[in-house]
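Trainee: Sharing a structure below in structure tokens format, with a few things to ask.
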Amino acid sequence: MTYSQRVEEKTIKENPLIIGIESSCDETAAAVIRGRELLSNVVLSSATEQAKYGGVVPEIASRAHTDAIDEAVNRAVKEAGIRADELDAVAVTYGAGLVGALLVGLSFAKAYAFSLGIPLIGVNHIRGHMAAAYLADKSLEPPFITLLASGGHTAILYTKSYTEFEILGSTRDDAAGEAFDKAARVLSLPYPGGPNVERLATQGKNSIAFPAMFSGNGFDFSYSGLKTAVINYCHTKEQKGEEYSRADVAASFQSAACDVLVSRAVAAAKMKNCKTIAAGGGVIANGYLREKLLNVCKESGISLVLPEKKYCTDNAAMIAAEGLVQYRAGNFAPLSINACAHIPLGKKGKQ
């Protein structure tokens, strides 16, 4: 019996056991869920090694994944208290990300699914970030507004159903996460930039009027102007030999970058008459942004679904969560699926 025939014979379960595998950047991760219940979550990171070079080196990341993938998967299965042959599907990130890194996780997942005779599910990394909300609130159901803020994407979406969403607004240039990394660089902060900007910002004041990032009158963003303003401010001060507070720059940048995310997400919820906003993506781990979201949503009478910080940054739990969505929809991948460095979020409108 062929692999495809074995998969076709499988009965779709309401609460399947799914293992998620994530290797798109510098985290090698594996997690097991039963329905929306998270049973294990293992993350092995090479970030410390990458920090020596001021950012992720693709070759080093790929080698680190090769060394760690077997351990991560075995630990996830063991910590979940199950046997591998009890799994119902394997969900794996196929894009977007570093191709070499993606191929490590994808190749392992293909072999794993084949050996067990269970479905392989290819997961879009960005949809994984969006699906983390389903683990944070097990009762969450569409429709709702999704605020996505990561290193590669920044967008506000109307999540109509589990598999359909409408892009209301997105960034026209840099993503929020990219802006944080570039601000960190000009402030001479180490990799990763986001957490270090946040840490420095706690020591400063929001006292510098950096430009707002509105682009038109809709829900789009533009972060390139903010990034340039921070760079110009610091370089001008240095060239003139004037002292300035790096902490104030960090605090002012953070406020400008995050406040617009909150205001536009809330405005979108009101426009669509949605009572819930779900947030996802690495930038959502920022403490200032989380507090701002909590306060503004509370004042506006909007329910906020905010995943724990560890489920905002890259992890496999979110990949398994999106895998569950695709499993229930019967969207299985062939063993010929390939890694994809870039996956567009999509055009405005229904997706």
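Trainee: In degrees between 0 and 90, to the nearest 10, how far off the longest principal axis of the chain does helix 224-239 point, with axes built from Cα atoms?
Mentor: 50 degrees
Trainee: Please give the length that would be gained between THR48 and ARG83 if that part of the chain were fully extended, namely 0.36 nm times their separation in residues minus their C-alpha to C-alpha distance (nm, one decimal).
Mentor: That pair, THR48 and ARG83, stretches by 9.4 nm at full extension.
Trainee: Could you state the per residue volume, in Å³, of the convex hull enclosing the Cα atoms of the stretch 222-351?
Mentor: Measuring per residue, one finds 173 Å³ for the Cα hull of the stretch 222-351.
Trainee: In the chain, what percentage of the DSSP-assigned beta bridges are antiparallel, given to the nearest 5?
Mentor: On the way: 29 of 47 bridges.
Antiparallel: roughly 60 percent of the beta bridges in the chain.
Trainee: Setting aside same-chain residues fewer than 8 positions from LYS309, which aspartates and glutamates have a Cα under 13 Å from its Cα?
Mentor: GLU291
Trainee: Which is the longest part of the chain that has none of the GluC sites (Glu not before Pro) sitting in a DSSP loop with at most 15 other Cβ atoms within 10 Å?
Mentor: 15-163
Trainee: Let me know the volume per residue of the alpha-carbon convex hull for the stretch 225-286, in Å³.
Mentor: 94 Å³
Trainee: Grab every C-alpha pair in the chain, bin the distances at 20 angstrom width from 0 up to the longest one, and report whole percents.
Mentor: 31, 56, 13, 1
Trainee: Once you put a point 7 Å from the Cα of GLN203 and another 7 Å from the Cα of LYS138, both along the Cβ direction, what distance in nm separates them?
Mentor: 4.3 nm
Trainee: Write down Rg/Rh for the stretch 143-200, rounded to two decimals, with Rg from the C-alpha atoms and Rh from the Kirkwood relation over Cα pairs.
Mentor: Over the Cα atoms of the stretch 143-200, Rg/Rh equals 1.14.
Trainee: Now, a different point. For a 29 Å ceiling on Cα separation, which of these pairs sit above it: LYS138/LYS292; LYS110/LYS160; LYS182/LYS298?
Mentor: LYS110/LYS160; LYS182/LYS298
Trainee: Related question: Could you point to the residue in SER45, ILE121, PRO58 farthest towards the positive end of the stretch 11-152's charge dipole, with +1 and -1 charges on the Cβ of Lys/Arg and Asp/Glu respectively?
Mentor: ILE121
Trainee: Of ASN286, ASN273, ASN315, which is the most mobile in a GNM of the chain whose springs link Cα atoms less than 10 angstrom apart?
Mentor: In this elastic network of the chain, the residue with the biggest mean-square fluctuation among ASN286, ASN273, ASN315 is ASN273.
Trainee: Could you give the dipole magnitude of the stretch 22-140 about its Cα centre, charging the beta-carbon of Lys and Arg +1 and that of Asp and Glu -1, in debye to the nearest 20?
Mentor: For this selection, approximately 200 debye.
Trainee: Name the residue farthest towards the positive end of the dipole of the stretch 219-351 from the options TYR288, ALA265, TYR311, assuming +1 on Cβ of Lys and Arg, -1 on Cβ of Asp and Glu, about the Cα centre.
Mentor: Projecting each Cα onto the dipole axis, the largest value belongs to ALA265.
Trainee: In addition: Under a point-charge model restricted to the Cβ atoms of Lys and Arg (+1) and Asp and Glu (-1), what is the dipole moment magnitude of the chain relative to its Cα centre, in debye to the nearest 20?
Mentor: Taking the Cα centre of the chain as origin, the dipole is about 740 debye.
Trainee: Can you give me the long-range amide H partners of PHE221? Hydrogens built in the peptide plane at 1.01 Å from N, cutoff under 5 Å, separation of 5 or more residues or another chain.
Mentor: SER170, THR171, ARG172
Trainee: Here's another thing I want to ask about it. May I ask for log10 I(q)/I(0) of the stretch 1-43 at q = 0.21, 0.27, 0.28, 0.29 Å⁻¹, from a Debye sum over the Cα atoms as equal point scatterers with solvent left out?
Mentor: Results for the stretch 1-43 at q = 0.21, 0.27, 0.28, 0.29 Å⁻¹ read -0.78, -0.87, -0.89, -0.91.
Trainee: Can you give me the % of accessible surface on the stretch 236-351 that is carbon or sulfur? Probe 1.4 Å, all protein chains present, nothing else counted. List each step's numbers first, then the result.
Mentor: On the way: 2600 of 5340 Å².
In the stretch 236-351, the share of accessible area belonging to carbon and sulfur is 49 percent.
Trainee: For LYS227, which aspartates and glutamates qualify as cross-link partners when the Cα separation must be under 12 Å and same-chain residues fewer than eight apart are set aside?
Mentor: Partners found: ASP173, ASP174, GLU178, ASP181.
Trainee: If you don't mind, another one. Quick one: net charge around MET318, please, counting Lys, Arg +1 and Asp, Glu -1 for every other residue with C-beta under 10 Å from its C-beta.
Mentor: Details: positive: ARG127; negative: GLU22, ASP314, GLU322.
Every neighbour counted, the sum reads -2.
Trainee: Measure out, as a whole number of angstrom, how far apart the alpha-carbon centroids of the stretch 133-185 and the stretch 1-74 sit.
Mentor: 22 Å
Trainee: While we're here: What accessible area per residue, rounded to a whole number of Å², is obtained for the chain using a probe radius of 1.4 Å?
Mentor: Per residue, the chain has 43 Å² of solvent-accessible surface.
The values are calculated or read from the model by the stated rules, or taken from the named source; none is laboratory data. In this text, all values refer to a predicted model and were calculated from it rather than measured experimentally. Glycine also receives a Cβ, built like all others from the backbone with ideal geometry; neighbour counts cover every protein chain displayed. Surface areas here come from the heavy atoms of the whole protein model, side chains and all, with no ligands, DNA or RNA. Shrake-Rupley method; radii C 1.70, N 1.55, O 1.52, S 1.80 Å.
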